[in-house]
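Novice: Have a look at the structure that comes next, please.
The values are calculated or read from the model by the stated rules, or taken from the named source; none is laboratory data. Since the model is a prediction, treat every value here as computed from it, not as a measurement. Cβ atoms come from the backbone with ideal geometry, glycine included; neighbour counts cover every protein chain shown. Side chains are part of the model used for accessible areas, which takes the heavy atoms of the whole protein and leaves out ligands, DNA and RNA. Shrake-Rupley method; radii C 1.70, N 1.55, O 1.52, S 1.80 Å.
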Amino acid sequence: MNDRIFLSSPHMSDEGFEQEFVQEAFDTNWIAPLGTNVNEFENELAEKVGSKSAAALSSGTAAIHLALKAAGVEKNDVVFCPTLTFSATANPIIYQNAIPVFIDSDFETWNMSPKALEAAFKKYPEVKAVIVVHLYGVAADMDKIMEICNKYDVVVIEDAAESLGTYYKGKHTGTIGNYGIFSFNGNKIITTSGGGMLVSDNDERIVKARFWATQSRDQARHYQHSELGFNYRMSNVAAGIGRGQLKVLDQRVEKKRYIFEFYKRELSELEGVSFMPSNNWNEPNYWLSSMTLNGKVTPLEIFEALEAENIEARPIWKPMHMQPYFRDYDFIGEGMSEHLFECGVCLPSDTKMSDDDLFKVVKLIKGLW
């Protein structure tokens, strides 16, 4: 396994920042459930992205769930969700017994199509919330999306699980809508081994989210619960890892960009190869370097060639409206997401990759042409 080239694996700081904060948790015996690391990780992350308030949670999925709850989403409410995403974006809609309606992607961003979103509002004007995903670290077209959502006075939740460190017109993704969520899963740009964060400028709602996340325990001497609660808070040890990782976020973004530019420089001239979009208002974190193929070489041939050399790659997300569990829910669009799934390749984008690793990947891919 030491010789394996991973898609995107945990990368602890060379300076050992994470160990310092974790050791502090051990030294003070604040292992769980909460403690200084949790409080400070919330403060430091909120300051980093420019949000007023944050709640450290057990996963990005938990953060989406509580964002939906904070937005007042209840049984049979309609929630718009990008179809081209991981299932963790859509699952919390079902947790709230709400109804997902899946929105297609556009070519310009690979994210939620404003055109399809407008069509969805005309069909479902009663929609309660809109979840927007910034896929692979590329920001959605937030000005157009926010203009549409504001016109209908609908809450916007940004799923920035893959885009911590990405800027949209100078603002961090996750801070443009009403709520933003980040993921610190092991494969993300920084990790707490597992965890997530809910951010918002609405401090009152974040305080409420923390309450729900700690089993909705009322202020009483005895254990009293007036609302349904969840076991969603991040541990003090995990938060310590997160504090250390946050110190090297900019370094990780720089390396991810280097990897993307390396692939684009070396592979763009191959017949049928196109890379994920970029434009003058988007500063991606390039979490995963992704490309599409429209020629004689297929994604499967690339996967098999890399697998034979112990190199990890994977397809673009399979759209939610094509998934067995979600296929009975409505889909609005023209099939751009299906095209990206069929033609897409996520290349190994591990920040520990050396130039030799990158040249090895590139050589194997070029060999297929």
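Novice: Being of a type in the set (Asp, Glu) and at pLDDT below 95 narrows it down to one residue among Asp201, Asp218; which is it?
Specialist: Result of the check over Asp201, Asp218: Asp218.
Novice: Provide a single number: the residues in the range 242-255 that are open to solvent by 10 Å² or more (accessible area, probe 1.4 Å) and either touching a Cys at 6+ places or on another chain (Cβ under 6 Å) or not in a helix (DSSP H, G or I) (or both).
Specialist: 1
Novice: Open to solvent by less than 10 Å² (accessible area, probe 1.4 Å), at pLDDT below 95 and among the small types (Gly, Ala, Ser): is that true of Ala62 in this structure?
Specialist: No; evaluated as a whole, the condition is false for this residue.
Novice: Being at pLDDT below 95, crowded, with 19+ Cβ neighbours inside 10 Å and not in a loop (DSSP other than H, G, I, E, B) is the filter here, so list the residues in the range 1-59 that pass it.
Specialist: Ala25
Novice: Could you list, in sequence order, the residues of the range 190-241 that are among the hydrophobic types (A, V, I, L, M, F, W, C), within 23 Å of the chain's Cα centre (by Cα) and part of a loop (DSSP other than H, G, I, E, B)?
Specialist: Within the range 190-241, Ile190, Phe230, Met234 meet the criteria.
Novice: Can you tell me which of Lys69, Lys75 is surrounded by fewer than 24 Cβ atoms within 10 Å (Cβ to Cβ) and either within 15 Å of the chain's Cα centre (by Cα) or part of a helix (DSSP H, G or I) (or both)?
Specialist: Just a single option satisfies the conditions, and that option is Lys69.
Novice: Here's another thing I want to ask about it. Are any residues in the range 78-104 under 19 Å from Ala161 (Cα atoms), open to solvent by 10 Å² or more (accessible area, probe 1.4 Å) and either among the small types (Gly, Ala, Ser) or assigned to a strand (DSSP E or B) (or both), and if so, which ones?
Specialist: Ser87, Ala88
Novice: Being in contact with a strand residue (DSSP E or B) (Cβ under 6 Å, 6 or more places away or on another chain), modelled with pLDDT of 95 or more and either surrounded by 24 or more Cβ atoms within 10 Å (Cβ to Cβ) or farther than 21 Å from Thr192 by Cα (or both) is the requirement here; does Asn178 meet it?
Specialist: In short, yes.
Novice: In a loop (DSSP other than H, G, I, E, B), modelled with pLDDT of 95 or more and in contact with a helix residue (DSSP H, G or I) (Cβ under 6 Å, 6 or more places away or on another chain), is that true of Ala161?
Specialist: Answer is yes for this residue.
Novice: Sticking with this structure for a sec: Residue check: is Val127 within 29 Å of Ser216 (Cβ to Cβ) and either under 18 Å from the mean Cα position of the chain (by Cα) or not in a loop (DSSP other than H, G, I, E, B) (or both)?
Specialist: No; evaluated as a whole, the condition is false for this residue.
Novice: Let me ask something else. What number goes with the only condition from (1) in contact with a strand residue (DSSP E or B) (Cβ under 8 Å, 6 or more places away or on another chain); (2) among the hydroxyl-bearing types (Ser, Thr, Tyr); (3) open to solvent by less than 10 Å² (accessible area, probe 1.4 Å) that Thr192 does not pass?
Specialist: (1)
Novice: What do you reckon, is Ala139 buried (at least 18 other Cβ atoms within 10 Å of the Cβ), part of a loop (DSSP other than H, G, I, E, B), at pLDDT 95 or above and among the hydrophobic types (A, V, I, L, M, F, W, C)?
Specialist: yes
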